[in-house]
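Q: Below is the structure I would like to discuss, written out as C-alpha cells.
Read-outs: derived from the displayed coordinates by stated rules, not from any lab. All figures in this text were calculated on a predicted structure; none of them were measured in a lab. Here the Cβ positions follow ideal geometry from the backbone for every residue, glycine too, while neighbour counts run over all protein chains shown.
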C-alpha cells in the first residue's frame, strides 16, 4: 500500500526538498502541499493523507493550531513536526496538541523516510532527551497521576525513556503481548491518544522527573 503524505511549510525550498526525497521512495507519494496552517486543513480534507509533515512556525494559522484541528478530524492523519530547533517551545506545544513526533530539518533523508513509515504505522517518534528538556519548565501543569497500577507506572517510566514494547518486555522479563496490554491500559487511564501524549502527561504531572 502506498502511503500518502502532505507537506506543510511556508518555505518553497523546504517543501520541494521534502517532496523530492519522499517521491523517490517506493511506497510513498506526496499528494499535496500547503504554505500555512489554514491551507493544510483544506488539503488534508481533500487528499486524506496518512501523514502530514508539519512546520510549526508558519504565518497566520501556525503548526500548533493546525495540528490540533487535524487530530480532531474523524479520520485524522498522523502529524510529524519538522523543525529547525529541537528545543523550540512550538515543538512541545505541537506534541501536546497531538503530533506523533518531530524531526529536525537537517535530518538525513533515510531517517526522514523511516520516520514517515514509523508514524504511519501508528508508532510515535520520541526523543527522550529533547522532550525531557522541553518538559523541564512545565512540571505541575496538571494534577498528579492516579489510578495506575505499580506495573503500569513502571511501563510509563520506561516509555518516557524511549523504550519500545520489545525493549520494555526485555527489561521487565514479560511477553510483548503483556507489555502491549499495559501500554493500552496506561493510555486509556491517562486519556492519551498515543505514547507521546502519555510521556507529556508523565512529565507535566511530576510522575517522571525531567532531571
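Q: Using Cβ counts within 10 Å as a stand-in for footprinting exposure, how do 174, 155 rank, fewest first?
A: The fewest-first ordering by Cβ neighbours comes to 174, 155.
Q: Expressed as an acute angle from 0 to 90° and rounded to the nearest 10, what is the orientation of the C-alpha long axis of helix 109-120 relative to the principal long axis of the chain?
A: 60
Q: Take 195, 15 and order them by how many other Cβ atoms sit within 10 Å, fewest up front.
A: 15, 195
Q: DSSP beta bridges in the chain, what fraction antiparallel, as a percent rounded to 5?
A: Here the antiparallel bridges make up roughly 0 percent for the chain.
Q: I would also like to ask the following. On a 0 to 90 degree scale, rounded to 10, what angle separates helix 176-190 from the longest Cα axis of the chain?
A: 80
Q: Next question. Using the alpha-carbon centroid of each, what span in Å lies between segment 60-114 and segment 190-208?
A: 17
Q: Can you tell me how segment 3-125 classifies by the Cα gyration tensor, rounded, prolate or oblate, using a/c under 1.5 as the rounded cut?
A: rounded
Q: Could you check what % of the DSSP bridge pairs in segment 3-125 are antiparallel, to the nearest 5?
A: About 0 percent, rounded to the nearest 5.
Q: Can you tell me the order of 31-42, 176-187, 56-67 when each peptide is scored by its average per-residue count of other Cβ atoms within 10 angstrom, highest first?
A: For the peptides 31-42, 176-187, 56-67, the packing ranking is 56-67, 31-42, 176-187.
Q: Tell me, what is the percent relative contact order of segment 1-125, built from C-alpha pairs under 8 Å that lie six or more residues apart?
A: RCO, segment 1-125: 22 percent.
Q: Calculate the FRET efficiency for residue 110 and residue 89 from the Cβ-Cβ distance with a Förster distance of 30 Å, rounded to the nearest 0.05.
A: E(calc), rounded to 0.05, equals 0.55.
Q: Could you point to the label whose value was computed as log10 I(q)/I(0) by the Debye sum over Cα atoms at q = 0.08, 0.13, 0.17 Å⁻¹ for the structure here, given [x] -0.27, -0.73, -1.27; [y] -0.27, -0.72, -1.15; [z] -0.35, -0.75, -1.01?
A: Recomputing log10 I(q)/I(0) by the Debye sum over Cα atoms at q = 0.08, 0.13, 0.17 Å⁻¹ here gives the entry labelled [y].
Q: Enter the angle in degrees (range 0 to 90, nearest 10) between the Cα long axis of helix 195-204 and the first principal axis of the Cα atoms of the chain, meaning the one along which they spread out most.
A: Relative to the chain, helix 195-204 is tipped by roughly 60 degrees.
Q: Per DSSP H run of n ≥ 4, the term is -39500 (n - 2.57); total these for the chain, divide by its residue number, and report the mean residue ellipticity at 222 nm rounded to 500 deg cm²/dmol.
A: -15000 deg cm²/dmol
Q: Tell me the relative contact order for the chain as a rounded percent, counting alpha carbon contacts under 8 Å between residues six or more apart.
A: 16
Q: Could I ask something else about it? Going by how many other beta carbons lie within 10 Å of each one, how would you line up 102, 85, fewest first?
A: In increasing order of surrounding Cβ atoms, one gets 85, 102.
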